[in-house]
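Q: Can you read through this structure? Questions will come right after.
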Amino acid sequence: MDITNIRVKRIENDSKLKAWVSVTFDDVFVVHNIKIIQGQDDMFIAMPNRLTKDGVLKDIAHPISTEFRQQLQDKVISAYQQVE
């Protein structure tokens, strides 16, 4: 599966949320509302989620493997750093 497009919408404020991202896969499937968050040491991505009746956030879509999660995060953070 190839990541064919990454669209970044930067958030210009002092919060830990740095951007909203949409990622397109193989030019046929898109995932919206991926967040870039500034952690204590580095930035990381948070997948789109929803609040359950129990008050727990559950991912709506997410990578299955650690390797793909890292690949996706690396590409999304790189795209964020290229946007002015």
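Q: Within segment 44-68, restricting attention to residues that are more than 10 Å from the chain's Cα centre (by Cα) and surrounded by 14 or more Cβ atoms within 10 Å (Cβ to Cβ), which residue is nearest to Lys16 (Cα to Cα)? Walk me through how you get there before you give the answer.
A: Residues of segment 44-68 that are more than 10 Å from the chain's Cα centre (by Cα), as a first pass: 49-61, 63-68.
From what is left, the residues that are surrounded by 14 or more Cβ atoms within 10 Å (Cβ to Cβ) are 49, 63.
Numbers: Asn49: 17, Pro63: 23 Å.
It comes out as Asn49.
Q: Please give the number of the condition Asp26 fails out of (1) surrounded by 13 or more Cβ atoms within 10 Å (Cβ to Cβ); (2) in contact (Cβ under 8 Å) with a residue 12 or more places away in the chain; (3) more than 10 Å from the chain's Cα centre (by Cα).
A: (1)
Q: Moving on. Among strands (runs of 3 or more DSSP E) lying entirely in the chain, which contain 2 or more residues that are touching an Asp or Glu at 6+ places or on another chain (Cβ under 8 Å) and modelled with pLDDT of 95 or more?
A: Values: elements: 3-10, 17-25, 29-38, 43-46, 49-51, 57-59.
So the answer is 3-10.
The values are calculated or read from the model by the stated rules, or taken from the named source; none is laboratory data. Keep in mind it's a predicted model, so treat the numbers as computed, not measured. Glycine also receives a Cβ, built like all others from the backbone with ideal geometry; neighbour counts cover every protein chain displayed.
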